[in-house]
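Any read-out appearing in this document is the output of simple, stated calculations on the displayed coordinates, not a laboratory observation. This structure is a prediction, so every number in the text was calculated from the model and none was measured. Cβ placement follows ideal geometry from the backbone for every residue including glycine, while neighbour counts extend to all protein chains displayed.
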């Protein structure tokens, strides 16, 4: 069994103070919360090293995943990043200022626009995703490939209901 961690110590103290409660959920979800903080720090570091903010990465990553020519409508970007249309307009404006994206007339809709990633945006998002994957692999290094797969399956089972709503 692995060494005791901070969550074990916290739960032991709660059990001592409130033996009437079942603290089993804390044994799982407090660890998920602590892991989330480590993951946030690793992501921020990966993005910072690539001269990006998290929100910039989100938009550029959506464009990158779309494949060449790395363009989407603002509506498609909204759906993938879960922000309001006003927020997305502001983000696109700021990414245009940085030279990471450009606005183009949508040839299929004369009134519509497309957001296309520039070569500079592609360079930054590719560097960021490489650093992110490396950082996340480092976080998981203490787990075997089989354990990582099992954990991924269990987390999917837990989160699928939230993703559908």
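How much FRET efficiency would the formula 1/(1 + (r/R0)^6) give for residue 22 and residue 146, where r is the Cβ-Cβ distance and R0 is 35 Å, rounded to 0.05? Let's see the in-between values first.
Working: r = 30 Å, r/R0 = 0.85.
The pair residue 22/residue 146 has a calculated efficiency of 0.75.
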Treating the angle as unsigned and between 0 and 90°, give the value, to the nearest 10°, between the Cα long axis of helix 85-97 and the longest Cα principal axis of the chain.
70 degrees
Given the Cα-Cα distance of residue 68 and residue 104 and 0.36 nm per residue of separation, how much length would full extension add, in nm?
11.5 nm
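Would you mind putting 50-59, 147-156, 69-78, 7-16 in packing order, based on average other-beta-carbon counts within 10 Å, highest first? Write out the running numbers ahead of the final one.
Working: 50-59: 18.4, 147-156: 11.3, 69-78: 16.8, 7-16: 13.1.
My ranking of the peptides, most packed first, is 50-59, 69-78, 7-16, 147-156.
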Measuring from the longest principal axis of the C-alpha atoms of the chain, the long axis of helix 24-49 (C-alpha) lies at a number of degrees, nearest 10, equal to 40 degrees
Acute angle (nearest 10 degrees) that the helix 54-65 long axis makes with the longest principal axis of the chain, alpha-carbon atoms
70 degrees
